[in-house]
Every structure is written in C-alpha cells, then in structure tokens.
Amino acid sequence: MDLRAELLKSIWYAFTALDVEKSGKVSKSQLKVLSHNLYTVLCIPHDPVALEEHFRDDDDGPVSSQGYMPYLNKYILDKVEEGAFVKENFDELCWTLTAKKNYKPDRNGNSVVSHQDAFKLWCLFNFLSEDKYPLVMVPDEVEYLLKKICTAMNVELNSCELEDYLSQEPQGQGGLTVWQFLDMVNSGRFLRGIEQEAISMAVEEVYQEVIEDGYLWKKGQLRRNWSERWFMLKPSALSYYMSEERKEKKGSITLDKHCCVEVLPDRDGKRCMFCVKTSSRTYEMSASDTRQRQEWTLAIQTAIRLQAEGKKSLHKDLKQKRREQREQREQRKAAKEEETQRLKQLQEEKERKLQELELLKEAQRQAEILLQEEEQRRRQQHEEMQRTLEIQLQEAEQARASMQAEMVLKEAEAERQRKRILELEDMQERLQEALQQEVKARQDEEAVRCAQARLLAEEEEKLKQLMKLKEEQEEYIIRTQREKQVLKQEMENKNKCLEEAQKQLEEVRENRQRVDQDVMAAQRKLRQASTNVKHWNVQMNRLMHPIGPGDKRTNVSGGVFTGYQPLLSRRDSSLK
C-alpha cells in the first residue's frame, strides 16, 4: 500500500464525516476548510487561487467525492513528499473530524479504551483494512489485531467467542467497519478483568510495532554522549528526531543490503545496547529493555532484507501475504465447493438416469400388457358390434313399420295443431287488445296516484306551516307576556320618574320666572344699547360718506350698519 492510498483512507473518513445528510455530497465551504487544513498538516504550500478557482460558486449544489478527487489528486496528493510531514498529525486531523460524528463511547466513562487509544486503533484499522470503499476489516485481520493486543498483555484471545460474535454481528462488504470494531473493543467482551492502563500500554505497543517508531538512546559521533531520540523506521532509512512530534529531524541512517545489526554488551552505564553498521559509520543505540532491543534489531534486519528485496514494510508485506493466503484459501474453498457441487450434480445425474431406465423398463412392461389387453378388447368389441348391428337391423325394420303408422297419426295431429294455431292467433289478438286497455288503465291509475301523492304532499306542507304558525303564536304569546311584565315594570319606573320630573318642573318654573325677570331687564338694557348704537351708526355714516352735490340722503334707520342686526339677533337668541 503506497502513501497515496494510506492518505486517501483517512481523507475518506473526513469527507464522509462532513456529509451530514449522507447524500454522498459535501458543501463547497466545508471542502475549502478541509483542503486548507490538509495543506497545513501535509506541509504543502497553499494555493488559494487554485482553491477559489476550483470551488467557485458558479454552479449549484454541493460537491460529490468524484468531483473532489481531481482537485485532491492534482493540488494535494501529487505534491505530498514522504517524510516532509508528520503523518500522525494528518491522521489526528481526519480522526477529529470523523470521531466527532461517528465515535460514540460510553457516556458514563466506562469505555474500555480511552479516546487516544481509540485513535490508535483507528490508525491500525486503516492500516489493516481492505483497499476498497467503504473501508472494512475482514474477520481474519480482526482476529490478527486482537491477538497482537492480547499477546502484548500476555492474555490469550478466545477465538471461539470471537467467531460467535462475528457471526452474530451484521457485516457489510464481508467485514467490520471501524465503528463496529471500536464498539466491539469497548464492549469489554474480549478484554474482561483487564485494567484500562494495561490495555492502553498494549495498544501503544502494537501501534509502535506496526507504525515502526519509538524512543531509543543514541550515542553521538563527535561528543560521544548519549541522547534520547525518537526513531522512525522505514525500509529505506532509519530517521531520528528530537521528540515524537517529529518537528526537528536530527539525522537519518540509510539502510541498504550492506548494512547489518549487531547486539553489543552493556557498558558506559548503558544496557540493552546494539549497533547499526553501514558502509561509512557505526551507530550505537540503547533500548529500554531486552524485549524492545530484540524488536528493534529484528525490525531493522527485516527492513534491510525488504530493502534488498525491493519491498516497503514488514507489516505491509505480512498483510499482503495474509491477504494472498486468504485469497488462496478462498480459491481452494471455492474450488472444493465447486468440485463437491460437480460431484453432487454427477451423482444426481446418475441417479436420475437410473430412475429413467427403471421407468423405461416399467413403461415397456406396461405397454406390452396394454397391447395384449387392447387386442383382446378389440376382438370383444368386434363381436359385440356384429351382434349389435344385427339387433339394430331388426329394430330398424320394426321402427320403419312403426314410423309409417306414426306418420299417419302425425299428419292428423298436424291438422289439429294448425287449427289450434289459428285459434291461438285469434286469442292473441284479443289478448293484445285487452293488454292495451289494461296498460291505458294502469297509466290512468298512475296519473291519479301521482295527483293524490301531490295533494298529500301539499296537505303535509300546509300541516307543517300550520304547526310552525302555532309554534310562532305560542312563542309570540310568551314573548308578549314577558314584554307586558317588562312594560309594567317600566311604567312603574316611569311613574316614579314622572313624579320626580314634576318636582323638577316646579323648580324649573320658579327658575323660569326668575330668568324671565332677568330677561326683561336685559331686554330693556338691550333696547337702550340698540338706540345708542343706531345713533352712533348715523354719526359714523355721516363722517365716512360725505354728501356730494346732488346726492340723496340715505335712510339712517334702514340702510346704515346693517351688519349689526345679525349680532343683535344672536344676542337675543342667547338671552332667550
């Protein structure tokens, strides 16, 4: 499996996590963010122009995985360089996106593995899964991984229980998905009674073994001091960094067929030492324990051998061999089943032919018996037919004589029938006339019945109207009685109000007398004021209209300052 295939597996999980509606498509804004993050973790120079150009909003709808693949291959995967980025950071990015949606540990905190261990199991699942989508792990690889984890804890895996579990679990595409695998591990069915810390250490050990990296003590070339370095093993080189973040690379040991690994005795206060000899230099290293030294020496020797054979990784090679063994096993199984099926078909064909042969023999015997019976039956039929023909000939002669006698009788009978027919035709004509009269009578009766029904309907309608009038009359009587009571009550109230009104009227009359006196006094004053106003009007008119030669003298009382009259009338009305 090359680097591109490994990266595509993790990116596939990130893409499906962004597909919220499970339609196989993701919005362009989310793909922009995903592409930007992939640029960052893969240490690829950002190309914002290509990003905006590819995901411009000139068409409708989200983008499918097929639509995203050209951009992913051209601008991201084609520019990836092995060793130029930290693959664990890349895996953590994709794991964060997909775990948020799909990974559902126990909410009470009773999960067997921690979130970080789940991430490592996810990485191991991707490494061991089949190279087809959706990604699944076949049962053999599931058993292989669980056995590795149990071996790291010195625990034996119950294979029968695992087979029962896998047979009950629904498997799509011939294997388990990563979420089914994590649920199986978190169920604790295969890791009962084991502490979470021990499981975490075992997962870490298997992860480091498969990924082929870890801490070692390395002796310097110039200063000859010991420093702890993070080593990462590849078939072509053994690289070492300052820490497991792999941000600062300190060096690399090129591995080829001329390299070798040797175990060294303990010295300088260091134990579990070994060295890697190349054509130019010898590198001394120290492991934490004997087991780790044995694993590292074996892994480096395997890497050297794989490099000489042109292969890339021990675990990838083992995985390929297991896959080939599975394919061969399945082919043998299929061939065996095919051979069994073919033998079964041959056996069935042989039995069928034997049965057909027995049936043919039985049919031949039956045919001979039937032939004999048919010959005997034919003879009997011939004899019976001859006797029957003789009898029929005699009967025919007798029938001829009887028929002649019957013919005479029939002719007499026919004459009677002709007369009867004439009588019946006459009777039919009379019956038709009677029928027409009856039809007419029925029509008249039907008309009378219709008229009677109409009269009954009218009478029923009038009866309904009469009942309705009666009900209305009763309601009117009740309403009249209620109104009478209301009027009586109102009359009493009005009498009371009338008495009060009479009292108020007396008071008003007294007030009116006083007001009339005031009005008379006001009228006297008004007449006096009117006289004064007229006088002043005359004087004003004289002043404002001088008399010219030949002018007539205007009537002072009627034509001067007539505008004051409406004012006086309004005053009089207000006084009234």
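The values are calculated or read from the model by the stated rules, or taken from the named source; none is laboratory data. Note that the structure is a prediction, hence the values are computed from the model and not measured. Cβ sites come from the backbone with ideal geometry, for glycine too, and all protein chains shown count toward neighbours. Please note that ligands, DNA and RNA were not included when accessible areas were found on the heavy atoms of the full protein model with its side chains. Shrake-Rupley method; radii C 1.70, N 1.55, O 1.52, S 1.80 Å.
Would you pick out the residues in the stretch 136-169 that are under 27 Å from residue 9 (Cα atoms), aliphatic (A, V, I, L, M) and not in a helix (DSSP H, G or I)? Listed by number, the residues that qualify are 136, 137, 138. One residue stands out in the stretch 180-217 among those that are closer than 30 Å to residue 267 by Cβ and at pLDDT below 70: the one that is farthest from the chain's Cα centre (by Cα), namely 217.
Identify the residue in the stretch 265-277 that is open to solvent by 30 Å² or more (accessible area, probe 1.4 Å) and either modelled with pLDDT of 85 or more or in a loop (DSSP other than H, G, I, E, B) (or both) and, among all such residues, is nearest to residue 84 (Cα to Cα).
Here is the first cut: in the stretch 265-277, the residues open to solvent by 30 Å² or more (accessible area, probe 1.4 Å) are 265-271, 277.
Now restrict to residues that are either modelled with pLDDT of 85 or more or in a loop (DSSP other than H, G, I, E, B) (or both): 265-266, 268-269, 271, 277.
Working: 265: 36, 266: 36, 268: 35, 269: 36, 271: 33, 277: 26 Å.
Among them, the one singled out is 277.
Does residue 28 meet the test of being open to solvent by 70 Å² or more (accessible area, probe 1.4 Å) and under 30 Å from the mean Cα position of the chain (by Cα)? Considered against the rule, which asks whether it is open to solvent by 70 Å² or more (accessible area, probe 1.4 Å) and under 30 Å from the mean Cα position of the chain (by Cα), residue 28 comes out as no. Please verify whether residue 312 is modelled with pLDDT under 85, closer than 30 Å to residue 227 by Cα, in contact with a Ser or Thr (Cβ under 6 Å, 6 or more places away or on another chain) and of a type outside the set (A, V, I, L, M), treating the condition exactly as stated. Criteria not met by residue 312. The numbered conditions (1) in contact with a Cys (Cβ under 8 Å, 6 or more places away or on another chain); (2) at pLDDT below 85 are all true for residue 261 except (2).
From the list 84, 50, which one is touching a Cys at 6+ places or on another chain (Cβ under 7 Å), over 26 Å from residue 198 (Cβ atoms) and at pLDDT below 85?
Result of the check over 84, 50: 84.
In the stretch 152-168, the residues that are within 19 Å of residue 291 (Cα to Cα) form Cβ pairs under 8 Å with partners that are in a helix (DSSP H, G or I) and small (Gly, Ala, Ser), at six or more places apart or across chains, as follows: 152/202; 153/198; 153/202. Scanning the stretch 116-129 for any residue that is more than 22 Å from residue 96 (Cα to Cα) and of a type in the set (A, V, I, L, M) turns up nothing.
Any chance the stretch 82-90 includes a residue that's in contact with a Gly (Cβ under 9 Å, 6 or more places away or on another chain), surrounded by 17 or more Cβ atoms within 10 Å (Cβ to Cβ) and farther than 20 Å from residue 175 by Cβ? No: the stretch 82-90 contains no residue that is in contact with a Gly (Cβ under 9 Å, 6 or more places away or on another chain), surrounded by 17 or more Cβ atoms within 10 Å (Cβ to Cβ) and farther than 20 Å from residue 175 by Cβ.
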